[in-house]
1. Has segment 159-171 got any residue that is within 16 Å of ligand 2 (Cβ to nearest atom), in contact with a Lys or Arg (Cβ under 9 Å, 6 or more places away or on another chain) and of a type in the set (D, E, K, R)?
2. Counting only residues that are within 16 Å of ligand 2 (Cβ to nearest atom), give me the strands (runs of 3 or more DSSP E) lying completely in segment 57-154 with at least 2 of them.
3. Do we find a residue being closer than 14 Å to residue 36 by Cβ, crowded, with 21+ Cβ neighbours inside 10 Å and at pLDDT 95 or above anywhere in segment 63-71?
4. Residues that are within 15 Å of the chain's Cα centre (by Cα) and among the aromatic types (Phe, Trp, Tyr), at least 1 per element: which strands (runs of 3 or more DSSP E) completely within segment 156-245 meet that?
5. Could you grab the pairs with beta carbons closer than 8 Å, sequence gap of 6+ or different chains, first residue in segment 34-59 and more than 20 Å from residue 237 (Cβ to Cβ), second one small (Gly, Ala, Ser) and modelled with pLDDT under 85?
6. Which of the residues belonging to segment 203-245 are farther than 22 Å from residue 32 by Cα, in contact with a strand residue (DSSP E or B) (Cβ under 6 Å, 6 or more places away or on another chain) and touching a residue at least 60 places away in the same chain (Cβ under 8 Å)?
7. Could you please let me know if residue 189 is more than 16 Å from ligand 1 (Cβ to nearest atom), crowded, with 19+ Cβ neighbours inside 10 Å and among the β-branched types (Val, Ile, Thr)?
8. Which residues, taken from segment 76-85, are surrounded by fewer than 20 Cβ atoms within 10 Å (Cβ to Cβ) and under 15 Å from the mean Cα position of the chain (by Cα)?
Amino acid sequence: MDETVVQELARIRESITPSTKISVLSGAGISAASGIPTFRGAQDSLWSKYRPEDLATAQAFYSDPELVWRWYDWRRGLIAESKFNAAHQALADLEKKSDLVIVTQNVDGYHQDAGSSTVHEFHGSIWRVRCTDCHYERYERAVPIPLLPHCKKCGGLERPAVVWFGEGIDPQIMQRSFEVAGDCDLFLVIGTAGAVYPAASLVDAAKNAGAMVIEFNLEKSGVSHLADLFVPGSSHDTLPELVPG
Ligand code: BJW
Ligand code: ZN
């Protein structure tokens, strides 16, 4: 890492107090060091092997629920076999030293596993399933999940409780996420391509409200032009540098 970036990170670290408001937007890159594939970019990324419209839309699910469930079951297995990494841990540690809230686009639950207490799951959770008929939602940790899962209340087909393309974000989570983005001193953007909306707009909201935006990524993203500081590298290496000792 460039010496000026190291120095700037140290300066920010030393300025953090229990009243410093820190909001976080995390994406797939934060879990890459845990061995969970990202969606875009890397050679073995999910969208280099599969077409999003075949797997991450309601249309895909209704045309072939078994195919979509098998893909989610495979991902549930990968997540269950692995665990959170030093980047998730750093955020859980930083929460003890500041006023920190996480908005994550990830569905893996690793922030909560690491001990973070306020986590808004913008795109839902891979560990919850929802009935397509009565909308009853439940936690389901079984791996593999018995296919196809059906609702205990009405017998309807259940789907992963995640947000697919063309679907709206839970209105309460959306509102809270924009509130925390628009009311913070530091906004950390970690491991996201900044290509999916409305999540990427949270960075604009933070910037427009006057927050200092710090981005942690292997490479520049769609929101890097909004960053006051770009920290290159894997977030499991770089993010711990921000945590006061
Ligand atoms: C590392 C690293 C390391 C790697 N360390 N970094 C405005 C403009 C254009 C389009 C739209 C728009 N508004 C809406 C749209 C349409 C669409 C959209 O955004 N399309 C774009 C792709 C063009 N958005 C939607 O459809 C959204 N819904 C919506 O807008 O609804 C409107 C509506 C309103 C009211 C009623 C009805 C409808 C929903 C979007 C849902 C996205 N869902 C997914 C799947 C979730 C479930 C699942 O996991 O299966 O969410 S798609 C996928 O992308 C997933 C992710 O959360 C999301 C973002 O990906 P992320 O996190 O950025 O990951 P990657 O892989 O893209 O990037 C990884 C990054 O990490 C890279 O930068 C690497 O460099 C970096 N990295 N290793 C640090 N070790
Ligand atoms: Zn039901």
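The values are calculated or read from the model by the stated rules, or taken from the named source; none is laboratory data. What you see is a predicted model, and the numbers here were worked out from it, not measured in a lab. Because the Cβ atoms are built from the backbone with ideal geometry, glycine has one as well, and the counts that use them run over all protein chains shown.
1. Looking through segment 159-171, at least one residue is within 16 Å of ligand 2 (Cβ to nearest atom), in contact with a Lys or Arg (Cβ under 9 Å, 6 or more places away or on another chain) and of a type in the set (D, E, K, R).
2. 124-131, 137-139
3. no
4. 186-190, 212-217
5. Close Cβ pairs satisfying both conditions: 48/42.
6. 206, 211, 212
7. no
8. Correct list: 83 only.
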